[in-house]
Amino acid sequence: MVVLQWRFQWRGLFGNIKAYIIWKFAQALLTFHVLTYNTHMSQSYAIDCLLEPVFWFVDNFAGYLGRVFVFCVSILTSAVVFIAYWVGLPYWWEKSQSVTIALVIFGNWILLNIIFHYYMGVKTSPGYAPHGSLISEAASICKKCISPKPPRTHHCSVCDRCILGMDHHCPWLNNCVGFYNARYFYLYMVYMVMGVTFLIVAGIDLGYQVLWVNDTGGLMSENDPDLIGHPVRMNQSGVLVPVQVIAEYDSVNFPRNHILPTPVITEAQRITANSLKRKAVMFMAMICLSVLFALGALVVMHGKNISRGETSIEAHINDRLRRTHKNKFINPYNFGRKKNWKLFLGLTQGRKLWRHVLLPSSHAPTGTGLTWHTIHNSLEDWP
């Protein structure tokens, strides 16, 4: 009789399976690297490849969405202004006519600046790099336009052109924010934040009366609470004593005449009683608070960039250069906070703040956007 003994080596089996899996994974990884090999491969290049579907969507549909956004901005702004006159004006007119006139003048000054700067931001060309012409100072070659790019110029994938002094593409303007319309864009945001702040301050009492107190003044009987209980009277000791018999007749059995003062109905109570106006107040409160927080944050962010003499794109580039060069990098376009703001607002050549910033002004910025003064070649008295 022959006895066969078979020993199963578990350790060797698991080792072989592990080695096979590692080999297959290395083979798949090698195949991937072979198929995707590129001498320019880097982390940024890989991220660009992964985001290519997003770029495709932006390139093909952002232009159409921009028109929708412009329409929405126009409708929402018109709705807020209409509600301010429809609801807010009668409320303030009842409180004080002189204050109402002052509020109307101040509010229309803000509204005029909002409309002007938004229109100019939409219609004004940001400035494009010329094709086929000589550029004295070319910073690089655009890979998409295959043409020289002036300093501070970047290619916009939505507009499919190189934008002078490009900050970003704004879908709410359906336009790029660049050299010629950056001032309109920023002042539009500033005046819009001023406008919603003005509406919030002027309407905070009205909102409290309508949305919190919710007093209709008896104009809506269904809102009045039902009086349930027993009539009482208070004696000299301060104790509430139930009234057993209610005297509705005088000594000669004639009905008593109750002469009660008629309560004055305020405008806030009329607004509260009107369901449409009450919803309009709620709508306006939500819109104003949303715009205040959203545009307020953008105003602060862009204000910091302007103070440092850089655009939004340059802010990201310069931040990376500051980290890599460790206090050795100097922004060549930073002339100091005061001069940076004067250059951005165009307050050069004798222009004044009250005339060219506080009032609508279509003056062009200093320069052409093709060449730029720097801290190394600027004149002492410039601008």
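Return the only residue of Thr266, Thr348, Thr272 being among the polar types (S, T, N, Q) and under 20 Å from His373 (Cβ atoms).
Testing whether each residue is among the polar types (S, T, N, Q) and under 20 Å from His373 (Cβ atoms) leaves just Thr348.
Is it the case that Phe344 is surrounded by 15 or more Cβ atoms within 10 Å (Cβ to Cβ) and under 23 Å from Leu111 (Cα atoms)?
Taking the combined requirement at face value, the residue satisfies it.
Kindly indicate whether Arg337 is under 15 Å from Gly165 (Cβ atoms), at pLDDT 90 or above and open to solvent by 70 Å² or more (accessible area, probe 1.4 Å).
It is false that Arg337 is under 15 Å from Gly165 (Cβ atoms), at pLDDT 90 or above and open to solvent by 70 Å² or more (accessible area, probe 1.4 Å).
Filter the stretch 317-335 for residues that are without any contact (Cβ under 8 Å) to a residue 12 or more places away in the chain and not aromatic (Phe, Trp, Tyr) and give the result.
Ile317, Asp319, Arg320, Leu321, Arg322, Arg323, Thr324, His325, Lys326, Asn327, Lys328
Within the stretch 310-334, which residues are more than 17 Å from Ala182 (Cα to Cα), in contact with a helix residue (DSSP H, G or I) (Cβ under 7 Å, 6 or more places away or on another chain) and open to solvent by less than 50 Å² (accessible area, probe 1.4 Å)?
Asn331
Yes or no, residue by residue, for (1) among the hydroxyl-bearing types (Ser, Thr, Tyr); (2) under 24 Å from the mean Cα position of the chain (by Cα):
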{"position": "Ala46", "(1), (2)": "no, no"}
{"position": "Phe55", "(1), (2)": "no, yes"}
{"position": "Ala62", "(1), (2)": "no, yes"}
{"position": "Trp86", "(1), (2)": "no, no"}
{"position": "Trp92", "(1), (2)": "no, no"}
{"position": "Trp109", "(1), (2)": "no, yes"}
{"position": "Ile115", "(1), (2)": "no, yes"}
{"position": "Tyr118", "(1), (2)": "yes, yes"}
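Can you tell me which residues in the stretch 114-150 are within 17 Å of Glu314 (Cα to Cα), open to solvent by 10 Å² or more (accessible area, probe 1.4 Å) and either among the polar types (S, T, N, Q) or modelled with pLDDT of 90 or more (or both)?
Ser140, the sole residue that qualifies.
Using the structure shown, decide if Cys145 is within 32 Å of the chain's Cα centre (by Cα) and assigned to a strand (DSSP E or B).
The answer is no for Cys145.
Write out, first by first residue and then by second, each pair whose Cβ atoms fall under 8 Å of each other, whose residues are 6+ apart or on separate chains, and whose first residue, in the stretch 132-155, is without any contact (Cβ under 8 Å) to a residue 60 or more places away in the chain while the second is of a type in the set (Ser, Thr, Tyr) and not in a loop (DSSP other than H, G, I, E, B).
Gly132/Ser147; Ile141/Ser147; Pro148/Ser140; Lys149/Ser140
Does Pro360 count as modelled with pLDDT of 95 or more and not in a helix (DSSP H, G or I)?
yes
Could you list, in sequence order, the residues of the stretch 174-188 that are within 15 Å of Ser74 (Cα to Cα) and surrounded by fewer than 24 Cβ atoms within 10 Å (Cβ to Cβ)?
Result: Asn174, single match.
The values are calculated or read from the model by the stated rules, or taken from the named source; none is laboratory data. Values in this document were obtained by computation on a predicted structure and should not be read as measured data. Glycine also receives a Cβ, built like all others from the backbone with ideal geometry; neighbour counts cover every protein chain displayed. All accessible areas refer to the heavy atoms of the entire protein, side chains included, with ligands and DNA or RNA removed. Shrake-Rupley method; radii C 1.70, N 1.55, O 1.52, S 1.80 Å.
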